[in-house]
Structures are given as structure tokens and as C-alpha cells.
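Laboratory data are not the source of any read-out in this text; all were calculated from the coordinates shown. Remember, it's a predicted structure, so these values are computed and weren't measured experimentally. With ideal geometry, Cβ positions are generated from the backbone for all residues, glycine too; neighbour counts draw on all protein chains shown.
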Amino acid sequence: MTQIRLVRTKAEIHELHDGVRNWGGLVGLVPTMGYLHAGHLSLMTAARSRCDHVTATLFVNPLQFAPTEDLASYPRDLDRDLGLAEQAGVDVMFAPDVEEMYPDGSPLTTVSVAQLDARWEGVSRPGHFAGVATVVAKLFSIAGPCLAFFGEKDYQQLQVVRRMAADLDLRVEVVGCPTVREPDGLALSSRNVYLERDERRAALCLRRALDTAIAAVERGERRAEAVTATMVAVVGAEPLAELDYAALVDPATLEPATTPLQPGRELRLLITARVGRPRLLDNAAVTVPV
Ligand code: AMP
């Protein structure tokens, strides 16, 4: 195992990645906000298996947090993250400070991915996806041509990033990776550390709601509203959870699916609920049986 290298400047990343591409190597990029868990590490392992050089990034991006959100208290542990990333085969950890990423303060140029950024998370967190798309566009520009690995766990974010890279002809192939879960089904998230004991148990209602909805579709339910209603009911039965939204959507446009659901169509279930302090997100694919 080679030792991971901590890099703080954009200029060093340019040089390192140009060097890799100059000998014909493929660069893999794994953007994160740190406080790594097995979900992040699965992206790093995927990058390691497909690329010659892997750079993970660690940047808690102020642009994607609203003033009322948890930017200041977002969990951080650089030393632990470096150790875990090294074990996952990461060559370089790019951990710039805010000044390095935004030397002139908030950027005047921002990226917004219309329509995709307006629904679901976009309603609850206005401006969030513009912050995400802007920092990811910067990271893609800093990294140069590469494969970039993102989790399906943040499904809307993955679609926003995919569309942004395609619309702007960025020379980055966006690779989506499956959600990593606890053995009992809870999707791993850095924010799970905020969950108290009872809340940790209550948080399972998200996965349960998705499973119930999948079962309904597989049993032949063709009414989109009825599928959504099953998710609302499951979360509604959990007193410690407060549903934000539950939806059945087209996997690319994220527009709500319409009744009757077409046989053979692949759709995506999205669900978000607040459980105690954190808002938890989950999603799953479902195919309408023929
Ligand atoms: P974050 O640090 O929360 O911004 O996440 C960084 C990347 O890790 C994003 O692409 C996330 O979608 C991905 N990720 C977060 N949680 C998981 C998970 N449980 N399984 C797979 N990928 C994840």
C-alpha cells in the first residue's frame, strides 16, 4: 500500500493529474465532505479498481449550506479520514481550505441545473444544488479529464452532477455507485452520528417505506399516488420521524411518475424524513412488472 499524500493546493492537483495523463494513466476522482464511512470508501474502492490514480477530495463546501444549516458543526476528523482513505487505496487527498477554493469570496459565477435542482431536495434546501453544482464544476475543472465517482445514496445530486457534466461538455465521466447500508438497512450517512438511540431505530422507517412501496408495485399497483401513499403511511406510523417528501419519479428527469405506471418502466422512489436532528435521505429503484 502506498502512502496517501495530503494536498492543499489546486496547483499541485493540476500538476499531479497532468503527470498521470501524460503517461496515459486514468485519473479517478471521489468528491466528499469527509467524516468517511463505508459508503465513501466503496466509491474509493470502485475508483481504485478502474483508475490508475485516485484522488479523493475533502471539502465541506459553505456554498451548499443555508445559514440555518449545520456547516459549523458538520463532523470532521482529517487524521481518521486520511487513514481510511489510504486503506481504500487512495493516492491523494485533496483537502483545500475555503480560501483556496474561493479566493475572492463567494464566486460570482455559479452553476445551476434548472428543473432538476428545483424539486424535492431543492424545495427543502433552496440554493443547495447550485452550491453543489458549482463546487463540483470547480472540482472537475481542477481535476481535469477523469472518472468521477458519486453515490446513488444522494440520488438527486447524482442526476444534477450527471446533467451538469453533460450540458457543459466537461471531460468527466460520472460513475454512480450503489448505496452502502448498515446490516439492518439504514443507509450510511455522516449525519447518522447525530441519531440518539431511539432515533436510530426509528430511522429504519425510511428503508421500510421503500420496501413497502417496491412490494406494492411488484404486486401490481399501477397508481402512482397509491405507491406514494404507502410510503407516507409507513413513515407516518413512526412517531419519531417527520416526513419531508416521498415520491415516485422518472429516474433521469425526477418528474413524478404518472398513473397508470407503464409495464417494464424503471422508476425511482425517493424519501426524506427528519428523525431527531438530522434529515435522512434514501431512495431505491423499482421496475414496473410486465
Ligand atoms: P458526502 O460526504 O456526504 O458529500 O458524500 C460524498 C459522496 O459519498 C457522495 O457521492 C455521496 O453520494 C456518497 N455517499 C454518501 N453516503 C453513501 C452511502 N451510504 N453509500 C454510497 N455512497 C454514499
Which angle from 0 to 90°, rounded to the nearest 10, does the C-alpha axis of helix 10-22 make with the longest principal axis of the chain?
90 degrees
Would you please name the trypsin sites (Lys or Arg not before Pro) within the range 206-290 that are DSSP coil residues with at most 10 other C-beta atoms within 10 Å of their C-beta?
Arg219
Degrees, to the nearest 10: 224-236 long Cα axis against longest axis of the chain:
80 degrees
Mean projection area, nm², convex hull over Cα of the range 190-287
6.0 nm²
Which residue, Val160, Gly19, Ala85, has the largest displacement toward the positive end of the dipole of the range 5-177 when charges sit on each Cβ (Lys, Arg +1; Asp, Glu -1)?
Val160
Which angle from 0 to 90°, rounded to the nearest 10, does the C-alpha axis of helix 38-50 make with the longest principal axis of the chain?
60 degrees
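With the cut-off at 1.5 for a/c, could you classify the chain from its C-alpha gyration tensor as rounded, prolate or oblate?
Details: a/c = 1.78, a/b = 1.60, b/c = 1.11.
Here the chain falls in the prolate category.
Between Ser141 and Leu26, what length in nm is gained on full extension when 0.36 nm per residue of separation is reduced by their alpha carbon distance? Write out the running numbers ahead of the final one.
On the way: separation 115, 0.36 × 115 = 41.40 nm, distance 1.56 nm.
Stretched fully, the Ser141-Leu26 segment lengthens by 39.8 nm.
Loop only per DSSP, at most 12 neighbouring Cβ atoms within 10 Å: give me the GluC sites (Glu not before Pro) in the range 151-258, ordered by residue number.
Working: sites: Glu152, Glu173, Glu196, Glu199, Glu218, Glu221, Glu225, Glu242; in loops: Glu196, Glu221.
Passing both the DSSP loop test and the Cβ count: Glu196.
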Reduced to Cα centres, the span from the range 255-277 to the range 81-115 in Å works out to 31 Å
